[in-house]
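Encoded as structure tokens, the structure appears first; notes follow it.
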Amino acid sequence: MTKADSPMRLDRLLLVLALALTLGGYSRDRLDLWVDATRLPTLLSETSTEVRDREGRLLRVYTVADGRWRLAVTPDQVDPGYLEMLIAYEDKRFRSHAGIDLRAMTRAALQAAWNVGIVSGGSTLTMQVARLLEESGTGQWTGKLRQMRVALALERKLTKDQILTLYLTHAPYGGNIEGIRAATLAWFGKEPRRLTPAEAALLVALPQSPEARRPDRAHAAARAARDRVLERVVLAGRLSPEAADAALTEPVPTARRPFPAIAPHMADRARAAAPGQTHHQLTLDASLQAKLETLAQKALRGLPDSLSVAIVLADHRSGEILGSVGSAGLANADARQGFIDMTQALRSPGSTLKPLVYGLAFDRGMAHPQTLIDDRPVAFGRYAPQNFDGRFRGELTVTDALRQSLNIPVVLLMNEIGPAHLMDALRRAGAQATLPGDRAGLAVALGGVGISLTDLVQVYAALANGGESVPLYWRDPAPTGARQRILSPSAAWQVGDILAGLAPPPNAPRRALAYKTGTSYGHRDAWAIGYDGAHVAGVWIGRPDGTPVPGAFGGDLAAPVLFEAFQRLKEARDPLPAPPPETLIVSTADLPQPLRRFTPRDAVFSAAPDAPKLIFPPDGARLVADEHGVPVKVRDGKPPFTWMANGTPLLTGVHTRQARLIGLGAGFSQLSVIDAAGRTSRVTIRLD
């Protein structure tokens, strides 16, 4: 026996002596009083907050306050083979003893004295639980005596399964990993419900020396400890030699796996909404969510580092949100500001509200998909909307106007409907839209309003659901209250039929989705929102800080991502619905006379469609005067034309539609053109 072994042997002998004195010196009554007076450590320890998907699959888990991974668990959530192996190896009389196994402790003490070293342990699982709860050491006999006392008290207050639950929750497995569930997720990437004998043996061995046997840092020691457990459980008759031989060939993990971190923004929202709750179940689908997050990262490849992306996908029949991606990820958060959940950010929706405007017009009898409408220069006071390319198409059907996303026709309709009615429709659809200055103008039809991606998807869910609102939700319980009618079923179908006719992105199927793209003013936001017979989705791409993205268009950036999101959801599309019986499906010529051509209410006071229109310079323009004069241009009207400035004729008998007016002085001037029929158009400009 060496000098170093003497203290160890003495401690063991003292432990046995202390136990003998304790048990022998007290009567049963005194022992009961002693045990009953035990002050137990806190039995309810903090466990990690868990966020799960609709099927109970783990989306994200958070560490507890001290940075440890400690997940709640009960024995019925753990592989029975592991539990049997644990008890056979650590405490084979666990189910029968009262907290202390005198036979095991006597054997351990005698073996330690005979072999001058520890051969086997005498601690029961209950004593180990006592040590874990108090975070006490095992080297001093006083600490061991305290563990025995706590173990006896625990056995009187808890069931065996409750004690086992505490062990399964607190046992250390290396680093900041505590408990069997954290261990299986970290070392095997799975829950502990199904474990191989090799995995179970490693998990039995690790808590004895969690740092010295960490597989990622001491791989050889971890393997050797696992193999010893397998050998002993074979000798105990708890595992067949054949199963053990197969387990010995199974590799030991060499690295920790990351804990699930899917849907980080949604998980954070759930945690913030109920901070005292440790288990949250969302409507998300973990598999789909992971696919959409991968798609979001793919969508930004080759684009500037400052761009972000957001995707929302929902079942428009139930309102359940199945996937929600707030950014391309939390990595490189400084560049892309990935920590910002862009599904909730208020942005300008661009042209994506146009379908709702047309649907409102259909319901009010103002227009039909085959109604003819003018795309020509118009002005509403000082507001003169322009198409995105500055061109005018003349007379065309409402269907073509919507598919080409022209601005002037939809503003004409918006002027008749009234912006307040559009805002009311958004509210009834469940969207919380905000207005600059809290006042709705005609520009709301072109995106002059703030709305989030989630709310915009909710608006389209109403279109997809026959014009009835569908409140979207991402965690139980589902929203209560009656759904509201936004559009009639026929108007909603007509809008969807028009949108389904849009040309899809390259290599995407035709008429698979009813969808609309949008680009906000200054190319700040690129949108694509669409639906089929069962699901609705939306995609946003832009800079979180709202700065422009030159050259960004919804059709180029967001639409391909939208179609790919549906591909990752399912292989086949759910078909769009058939038209409701009351839907009027006819050509323009067969429409009732008032519906054949859109006519504003004040048309009787308006200039004829073929009247002259002074299209350059625009009204309110500010120009620099030079010796070549001011260029002017007229559209429509019947030549010859007379050009005037401030009531004075400058040119007469002009048969061309372009001219130059010379001799204008600095300051404001009113320019007029008169055609052969005496019809006039005028603008006011300023020359510097």
- Message: If I filter the stretch 273-282 for residues that are part of a loop (DSSP other than H, G, I, E, B) and assigned by TED's automatic domain parsing to the domain that holds Arg181, do I get at least one hit?
- Response: no
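Each row is one residue, and each column tells you yes or no for (1) closer than 18 Å to Leu313 by Cβ; (2) of a type outside the set (A, V, I, L, M).
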residue: Pro471; (1), (2): yes, yes
residue: Trp474; (1), (2): yes, yes
residue: Gly481; (1), (2): no, yes
residue: Ile486; (1), (2): no, no
residue: Pro489; (1), (2): no, yes
residue: Pro504; (1), (2): yes, yes
residue: Ala508; (1), (2): yes, no
residue: Lys516; (1), (2): yes, yes
- Determine whether Ser520 is under 21 Å from Asp424 (Cα atoms) and in contact (Cβ under 8 Å) with a residue 40 or more places away in the chain. no
- Take the residues of the stretch 156-193 that are among the polar types (S, T, N, Q) and out of contact with any Phe, Trp or Tyr (no Cβ under 7 Å at 6 or more places or on another chain): which is nearest to Leu132 (Cα to Cα)? Thr169
- Message: Among the residues that make up the stretch 601-610, is at least one of them farther than 30 Å from Gly533 by Cβ, without any contact (Cβ under 8 Å) to a residue 24 or more places away in the chain, polar (S, T, N, Q) and assigned to a loop (DSSP other than H, G, I, E, B)?
- Response: yes
- Task: Working carefully through the options Ala205, Ala198, find the one that is within 29 Å of Asp66 (Cα to Cα), part of a helix (DSSP H, G or I) and assigned by TED's automatic domain parsing to the domain that holds Arg68.
- Result: Ala205
- Note on the structure: Within the stretch 156-178, the residues that are in a loop (DSSP other than H, G, I, E, B) and under 33 Å from the mean Cα position of the chain (by Cα) are Tyr173, Gly174, Gly175, Asn176
- Pro258 fails exactly one of the following numbered conditions: (1) exposed (fewer than 13 other Cβ atoms within 10 Å of the Cβ); (2) in contact with a Phe, Trp or Tyr (Cβ under 6 Å, 6 or more places away or on another chain). What is the number of that condition? (2)
- Considering each residue of the stretch 623-676, count those that are farther than 21 Å from Val378 by Cβ, among the small types (Gly, Ala, Ser) and not in a strand (DSSP E or B), and give that number. 7
- Message: Checking the conditions here, which among Leu502, Leu513 is over 28 Å from His280 (Cα atoms) and either surrounded by 22 or more Cβ atoms within 10 Å (Cβ to Cβ) or among the β-branched types (Val, Ile, Thr) (or both)?
- Response: Leu513
- For Leu557, are the conditions met, namely being touching a strand residue (DSSP E or B) at 6+ places or on another chain (Cβ under 6 Å) and within 25 Å of Gly466 (Cα to Cα)? no
- Query: With (1) surrounded by fewer than 23 Cβ atoms within 10 Å (Cβ to Cβ); (2) under 29 Å from Arg403 (Cβ atoms) as the list, and Ala290 as the residue in question, which single condition is left unmet?
  - Reply: (2)
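Here is a yes/no grid of residues against (1) out of contact with any helix residue (DSSP H, G or I) (no Cβ under 6 Å at 6 or more places or on another chain); (2) under 21 Å from Val51 (Cβ atoms):
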{"residue": "Arg271", "(1), (2)": "yes, yes"}
{"residue": "His279", "(1), (2)": "yes, yes"}
{"residue": "Lys291", "(1), (2)": "no, yes"}
{"residue": "Ala310", "(1), (2)": "no, yes"}
{"residue": "Val325", "(1), (2)": "no, yes"}
{"residue": "Arg336", "(1), (2)": "yes, no"}
{"residue": "Ala345", "(1), (2)": "yes, no"}
{"residue": "Gly350", "(1), (2)": "yes, no"}
{"residue": "Pro355", "(1), (2)": "no, no"}
- Would you be able to tell me the number of residues in the stretch 643-688 that are farther than 17 Å from Ile615 by Cβ, of a type in the set (Lys, Arg) and loosely packed, with under 13 Cβ neighbours inside 10 Å? 0
- Within the stretch 218-225, is there a residue that is hydrophobic (A, V, I, L, M, F, W, C), in contact (Cβ under 8 Å) with a residue 12 or more places away in the chain, part of a helix (DSSP H, G or I) and more than 21 Å from Ile180 (Cα to Cα)? no
- The lone condition Thr124 fails out of (1) buried (at least 19 other Cβ atoms within 10 Å of the Cβ); (2) modelled with pLDDT under 85 is (2)
- Query: If you check Thr454 against the conditions, is it in a helix (DSSP H, G or I), over 23 Å from Pro369 (Cα atoms), out of contact with any helix residue (DSSP H, G or I) (no Cβ under 6 Å at 6 or more places or on another chain) and polar (S, T, N, Q)?
  - Reply: yes
- Query: Counting only residues that are touching a helix residue (DSSP H, G or I) at 6+ places or on another chain (Cβ under 8 Å) and aliphatic (A, V, I, L, M), which one in the stretch 558-577 is surrounded by the most Cβ atoms within 10 Å (Cβ to Cβ)?
  - Reply: Ala565
- Please verify whether the stretch 617-634 includes one or more residues that are at pLDDT below 90, small (Gly, Ala, Ser), surrounded by 14 or more Cβ atoms within 10 Å (Cβ to Cβ) and under 22 Å from Ile408 (Cβ atoms). yes
- Query: How many of the residues in the stretch 382-398 are buried (at least 18 other Cβ atoms within 10 Å of the Cβ) and outside any loop (DSSP other than H, G, I, E, B)?
  - Reply: 2
- Please determine, by comparing only the residues of the stretch 412-440 that are within 16 Å of Lys354 (Cβ to Cβ) and in contact with a strand residue (DSSP E or B) (Cβ under 7 Å, 6 or more places away or on another chain), which one is surrounded by the most Cβ atoms within 10 Å (Cβ to Cβ). Leu412
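The values are calculated or read from the model by the stated rules, or taken from the named source; none is laboratory data. The model shown is predicted, which means the values in this text are computed figures rather than measured ones. Cβ sites come from the backbone with ideal geometry, for glycine too, and all protein chains shown count toward neighbours.
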